[in-house]
Amino acid sequence: MASVDADSAMVSTSLIVLTSPMAPAELLGRGKHGNLYKVICDNRTVLAVKRIEDWTVSPYEFKLRMQRLDQGRHPNVLPAIAFYCSRKEKLLVYEYLQNGSLFRLLHVTHMGVRFEWGSRLNIAATIAMALAFMHQELQEDGIAHGNLKSSNILLSKNLEACISENGLMAEKENQSIPNNITGPRSVTNVTNPFKADIQIRCDTSTATDRKAGSEQ
Ligand SMILES: Nc1ncnc2c1ncn2[C@@H]1O[C@H](COP(=O)(O)OP(=O)(O)OP(=O)(O)O)[C@@H](O)[C@H]1O
(Lines give C-alpha, C1' and ligand atoms only; values in the text may rest on other atoms or scores of the structure.)
Protein backbone atom coordinates (compact mmCIF):
# COMPACT_ATOMS: atom_id res chain seq x y z
CA MET A 1 0.00 0.00 0.00
CA ALA A 2 1.35 3.43 -0.93
CA SER A 3 1.45 6.03 1.77
CA VAL A 4 1.98 9.73 1.81
CA ASP A 5 3.07 10.81 5.21
CA ALA A 6 3.15 14.59 5.39
CA ASP A 7 5.43 14.53 8.43
CA SER A 8 8.17 12.40 6.93
CA ALA A 9 7.65 13.88 3.46
CA MET A 10 7.20 10.52 1.74
CA VAL A 11 5.63 11.29 -1.58
CA SER A 12 3.58 9.25 -4.03
CA THR A 13 2.90 10.81 -7.41
CA SER A 14 -0.52 9.24 -7.72
CA LEU A 15 -1.64 10.81 -4.50
CA ILE A 16 -0.34 14.22 -5.46
CA VAL A 17 -2.57 13.95 -8.51
CA LEU A 18 -5.37 12.73 -6.31
CA THR A 19 -5.21 15.46 -3.75
CA SER A 20 -4.73 18.19 -6.34
CA PRO A 21 -7.77 20.37 -6.98
CA MET A 22 -7.45 19.43 -10.67
CA ALA A 23 -8.56 15.81 -10.14
CA PRO A 24 -12.32 15.69 -10.83
CA ALA A 25 -14.13 14.40 -7.75
CA GLU A 26 -17.77 13.43 -7.34
CA LEU A 27 -19.31 13.19 -3.88
CA LEU A 28 -20.66 9.65 -3.45
CA GLY A 29 -21.90 9.95 0.09
CA ARG A 30 -21.59 11.53 3.48
CA GLY A 31 -20.92 8.55 5.71
CA LYS A 32 -20.35 8.03 9.38
CA HIS A 33 -16.61 8.58 9.04
CA GLY A 34 -16.61 11.40 6.51
CA ASN A 35 -17.28 12.00 2.85
CA LEU A 36 -16.55 9.54 0.09
CA TYR A 37 -15.52 10.82 -3.34
CA LYS A 38 -15.19 9.18 -6.72
CA VAL A 39 -11.98 10.50 -8.23
CA ILE A 40 -10.75 9.96 -11.77
CA CYS A 41 -6.98 10.16 -12.19
CA ASP A 42 -5.29 10.60 -15.57
CA ASN A 43 -8.68 10.16 -17.24
CA ARG A 44 -8.57 6.39 -16.63
CA THR A 45 -7.97 5.26 -13.05
CA VAL A 46 -11.17 5.44 -11.01
CA LEU A 47 -10.77 5.56 -7.25
CA ALA A 48 -12.96 5.95 -4.19
CA VAL A 49 -11.43 8.32 -1.66
CA LYS A 50 -12.61 8.55 1.93
CA ARG A 51 -11.90 11.82 3.65
CA ILE A 52 -11.95 10.79 7.29
CA GLU A 53 -13.45 13.17 9.81
CA ASP A 54 -13.55 13.29 13.60
CA TRP A 55 -10.98 10.62 14.20
CA THR A 56 -8.55 12.07 16.69
CA VAL A 57 -5.95 9.35 16.26
CA SER A 58 -2.38 10.61 15.77
CA PRO A 59 -0.80 10.30 12.31
CA TYR A 60 1.60 7.73 13.77
CA GLU A 61 -1.21 5.52 15.13
CA PHE A 62 -3.20 5.95 11.94
CA LYS A 63 -0.23 4.80 9.88
CA LEU A 64 0.33 1.78 12.14
CA ARG A 65 -3.31 0.79 11.85
CA MET A 66 -3.25 1.10 8.06
CA GLN A 67 -0.11 -1.01 7.85
CA ARG A 68 -1.62 -3.64 10.14
CA LEU A 69 -4.83 -3.74 8.10
CA ASP A 70 -2.77 -4.14 4.95
CA GLN A 71 -1.07 -7.24 6.37
CA GLY A 72 -4.30 -9.15 6.96
CA ARG A 73 -5.62 -9.49 3.42
CA HIS A 74 -8.55 -11.57 2.27
CA PRO A 75 -9.94 -11.77 -1.30
CA ASN A 76 -13.36 -10.64 -0.05
CA VAL A 77 -12.09 -7.63 1.87
CA LEU A 78 -11.35 -4.53 -0.19
CA PRO A 79 -7.85 -3.34 0.66
CA ALA A 80 -6.92 0.33 0.75
CA ILE A 81 -4.60 1.11 -2.17
CA ALA A 82 -3.03 4.06 -0.40
CA PHE A 83 -3.50 6.47 2.44
CA TYR A 84 -2.54 10.01 3.21
CA CYS A 85 -2.12 11.24 6.71
CA SER A 86 -1.20 14.57 8.23
CA ARG A 87 -2.33 16.23 11.45
CA LYS A 88 -5.21 17.91 9.62
CA GLU A 89 -6.16 15.44 6.93
CA LYS A 90 -6.65 11.70 6.66
CA LEU A 91 -7.48 10.16 3.30
CA LEU A 92 -8.00 6.54 2.37
CA VAL A 93 -7.94 5.41 -1.23
CA TYR A 94 -9.77 2.37 -2.57
CA GLU A 95 -10.40 0.95 -6.00
CA TYR A 96 -13.77 2.20 -7.23
CA LEU A 97 -16.07 -0.82 -7.64
CA GLN A 98 -18.68 0.04 -10.20
CA ASN A 99 -21.10 -2.84 -9.59
CA GLY A 100 -22.69 -1.20 -6.58
CA SER A 101 -23.41 -2.52 -3.12
CA LEU A 102 -25.51 -5.16 -1.40
CA PHE A 103 -27.74 -2.29 -0.23
CA ARG A 104 -28.60 -1.49 -3.85
CA LEU A 105 -29.22 -5.14 -4.63
CA LEU A 106 -31.60 -5.39 -1.71
CA HIS A 107 -33.44 -2.11 -2.06
CA VAL A 108 -33.23 -0.91 -5.65
CA THR A 109 -35.27 -2.82 -8.19
CA HIS A 110 -33.35 -3.95 -11.27
CA MET A 111 -36.00 -3.94 -13.99
CA GLY A 112 -38.06 -6.61 -12.26
CA VAL A 113 -35.11 -9.00 -11.81
CA ARG A 114 -35.36 -10.65 -8.40
CA PHE A 115 -32.42 -11.01 -6.06
CA GLU A 116 -32.70 -14.76 -5.51
CA TRP A 117 -32.43 -16.29 -2.04
CA GLY A 118 -29.63 -18.61 -3.19
CA SER A 119 -27.53 -15.55 -4.12
CA ARG A 120 -28.40 -13.86 -0.83
CA LEU A 121 -27.21 -16.89 1.13
CA ASN A 122 -24.01 -17.08 -0.94
CA ILE A 123 -23.25 -13.45 -0.12
CA ALA A 124 -24.03 -14.00 3.58
CA ALA A 125 -21.70 -17.03 3.69
CA THR A 126 -18.91 -15.18 1.84
CA ILE A 127 -19.13 -12.21 4.19
CA ALA A 128 -19.24 -14.43 7.29
CA MET A 129 -16.09 -16.26 6.19
CA ALA A 130 -14.23 -13.06 5.33
CA LEU A 131 -15.24 -11.49 8.64
CA ALA A 132 -14.18 -14.57 10.61
CA PHE A 133 -10.79 -14.45 8.88
CA MET A 134 -10.32 -10.74 9.59
CA HIS A 135 -11.32 -11.18 13.23
CA GLN A 136 -8.75 -13.91 13.63
CA GLU A 137 -6.02 -11.95 11.85
CA LEU A 138 -6.58 -8.72 13.76
CA GLN A 139 -7.69 -10.06 17.11
CA GLU A 140 -4.49 -9.13 18.93
CA ASP A 141 -4.73 -5.57 17.66
CA GLY A 142 -8.37 -5.30 18.72
CA ILE A 143 -9.33 -4.09 15.23
CA ALA A 144 -12.82 -5.06 14.10
CA HIS A 145 -14.75 -3.72 11.12
CA GLY A 146 -17.11 -1.93 13.47
CA ASN A 147 -19.48 -0.59 10.82
CA LEU A 148 -20.63 -3.58 8.82
CA LYS A 149 -23.78 -2.92 6.84
CA SER A 150 -25.10 -3.57 3.36
CA SER A 151 -23.72 -0.32 1.86
CA ASN A 152 -20.26 -1.42 3.01
CA ILE A 153 -20.56 -4.71 1.13
CA LEU A 154 -19.63 -4.04 -2.48
CA LEU A 155 -19.70 -6.20 -5.58
CA SER A 156 -16.41 -6.75 -7.34
CA LYS A 157 -15.84 -7.01 -11.12
CA ASN A 158 -16.68 -10.73 -10.85
CA LEU A 159 -19.76 -9.90 -8.77
CA GLU A 160 -18.08 -11.32 -5.67
CA ALA A 161 -19.09 -9.73 -2.36
CA CYS A 162 -16.34 -7.58 -0.89
CA ILE A 163 -16.28 -5.91 2.53
CA SER A 164 -15.18 -2.28 2.34
CA GLU A 165 -13.95 0.23 4.92
CA ASN A 166 -12.64 -2.44 7.24
CA GLY A 167 -11.24 -1.23 10.56
CA LEU A 168 -12.17 2.44 10.26
CA MET A 169 -13.89 2.70 13.59
CA ALA A 170 -11.90 4.02 16.49
CA GLU A 171 -11.71 1.69 19.52
CA LYS A 172 -13.72 4.08 21.67
CA GLU A 173 -16.63 3.96 19.21
CA ASN A 174 -16.25 0.21 18.84
CA GLN A 175 -16.57 -0.57 22.49
CA SER A 176 -20.03 0.65 23.24
CA ILE A 177 -22.89 0.35 20.82
CA PRO A 178 -25.64 2.84 21.61
CA ASN A 179 -29.14 1.63 22.38
CA ASN A 180 -30.70 3.72 19.63
CA ILE A 181 -29.31 1.81 16.64
CA THR A 182 -32.03 1.69 14.05
CA GLY A 183 -33.35 -1.54 12.65
CA PRO A 184 -34.19 -4.86 14.17
CA ARG A 185 -32.01 -7.27 16.08
CA SER A 186 -29.34 -4.89 17.32
CA VAL A 187 -27.35 -6.03 20.32
CA THR A 188 -26.92 -3.35 22.96
CA ASN A 189 -24.08 -2.55 25.33
CA VAL A 190 -21.52 -4.47 23.34
CA THR A 191 -18.16 -4.29 25.07
CA ASN A 192 -16.21 -6.42 22.63
CA PRO A 193 -15.45 -4.72 19.28
CA PHE A 194 -15.70 -8.05 17.48
CA LYS A 195 -19.21 -8.60 18.78
CA ALA A 196 -20.14 -5.21 17.34
CA ASP A 197 -19.50 -6.59 13.85
CA ILE A 198 -21.93 -9.41 14.45
CA GLN A 199 -24.84 -7.14 15.33
CA ILE A 200 -25.31 -6.29 11.63
CA ARG A 201 -28.53 -4.42 11.14
CA CYS A 202 -30.74 -6.95 9.44
CA ASP A 203 -31.92 -4.85 6.54
CA THR A 204 -32.37 -8.09 4.61
CA SER A 205 -35.60 -8.63 6.55
CA THR A 206 -37.75 -5.92 5.00
CA ALA A 207 -41.37 -6.69 4.37
CA THR A 208 -40.78 -7.15 0.62
CA ASP A 209 -37.92 -9.55 1.25
CA ARG A 210 -39.94 -11.62 3.69
CA LYS A 211 -42.69 -11.84 1.11
CA ALA A 212 -40.21 -12.90 -1.59
CA GLY A 213 -38.78 -15.53 0.77
CA SER A 214 -42.16 -17.00 1.57
CA GLU A 215 -42.87 -17.38 -2.16
CA GLN A 216 -40.02 -19.86 -2.56
N1 LIG B 1 -14.87 1.55 -3.21
C2 LIG B 1 -16.10 1.89 -3.57
N3 LIG B 1 -16.47 1.80 -4.87
C4 LIG B 1 -17.73 2.14 -5.25
N5 LIG B 1 -18.70 2.54 -4.41
C6 LIG B 1 -18.40 2.63 -3.11
C7 LIG B 1 -17.09 2.31 -2.62
N8 LIG B 1 -17.10 2.46 -1.27
C9 LIG B 1 -18.34 2.86 -0.94
N10 LIG B 1 -19.12 2.97 -2.03
C11 LIG B 1 -20.53 3.39 -2.09
O12 LIG B 1 -20.58 4.82 -1.99
C13 LIG B 1 -21.71 5.24 -1.23
C14 LIG B 1 -21.27 6.19 -0.13
O15 LIG B 1 -20.41 5.49 0.75
P16 LIG B 1 -20.13 6.02 2.22
O17 LIG B 1 -19.07 5.16 2.81
O18 LIG B 1 -19.91 7.48 2.21
O19 LIG B 1 -21.54 5.80 2.90
P20 LIG B 1 -22.03 4.73 3.91
O21 LIG B 1 -21.51 3.36 3.56
O22 LIG B 1 -23.51 4.88 3.99
O23 LIG B 1 -21.41 5.28 5.24
P24 LIG B 1 -20.27 4.79 6.25
O25 LIG B 1 -19.68 3.51 5.73
O26 LIG B 1 -19.25 5.88 6.31
O27 LIG B 1 -21.03 4.65 7.53
C28 LIG B 1 -22.37 3.96 -0.72
O29 LIG B 1 -23.46 3.69 -1.54
C30 LIG B 1 -21.32 2.88 -0.89
O31 LIG B 1 -21.92 1.62 -1.18
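Here is how the numbers come out for the structure above:
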{"quantity": "Filter result (within 15 Å of Asn166 (Cα to Cα) and assigned to a loop (DSSP other than H, G, I, E, B)) within region 62-95", "calculated": "Gly72, Arg73, His74, Pro75, Asn76, Leu78, Pro79, Ala80, Ile81"}
{"quantity": "Some residue of region 115-133 being within 16 Å of the ligand (Cβ to nearest atom), out of contact with any strand residue (DSSP E or B) (no Cβ under 8 Å at 6 or more places or on another chain) and open to solvent by 60 Å² or more (accessible area, probe 1.4 Å)", "calculated": "no"}
{"quantity": "Failed item in (1) more than 20 Å from Asp141 (Cα to Cα); (2) open to solvent by 60 Å² or more (accessible area, probe 1.4 Å), with Gln71 passing the rest", "calculated": "(1)"}
{"quantity": "Qualifying residues in region 137-157 (those that are open to solvent by 50 Å² or more (accessible area, probe 1.4 Å) and more than 12 Å from the chain's Cα centre (by Cα)) - the one farthest from the ligand (Cβ to nearest atom)", "calculated": "Glu140"}
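Residues checked against (1) closer than 19 Å to Asn35 by Cα; (2) touching a helix residue (DSSP H, G or I) at 6+ places or on another chain (Cβ under 9 Å); (3) of a type outside the set (Gly, Ala, Ser); (4) in contact (Cβ under 8 Å) with a residue 12 or more places away in the chain:
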| position | (1), (2), (3), (4) |
| --- | --- |
| Gly72 | no, yes, no, yes |
| Val77 | no, yes, yes, yes |
| Met129 | no, no, yes, yes |
| His135 | no, yes, yes, yes |
| Gly142 | no, yes, no, yes |
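The values are calculated or read from the model by the stated rules, or taken from the named source; none is laboratory data. Being a predicted model, the structure only gives us computed values, none of them experimental. Virtual Cβ from ideal backbone geometry, glycine too; neighbours counted across all protein chains shown. Surface accessibility is based on the protein's heavy atoms, side chains included, excluding ligands, DNA and RNA. Shrake-Rupley method; radii C 1.70, N 1.55, O 1.52, S 1.80 Å.
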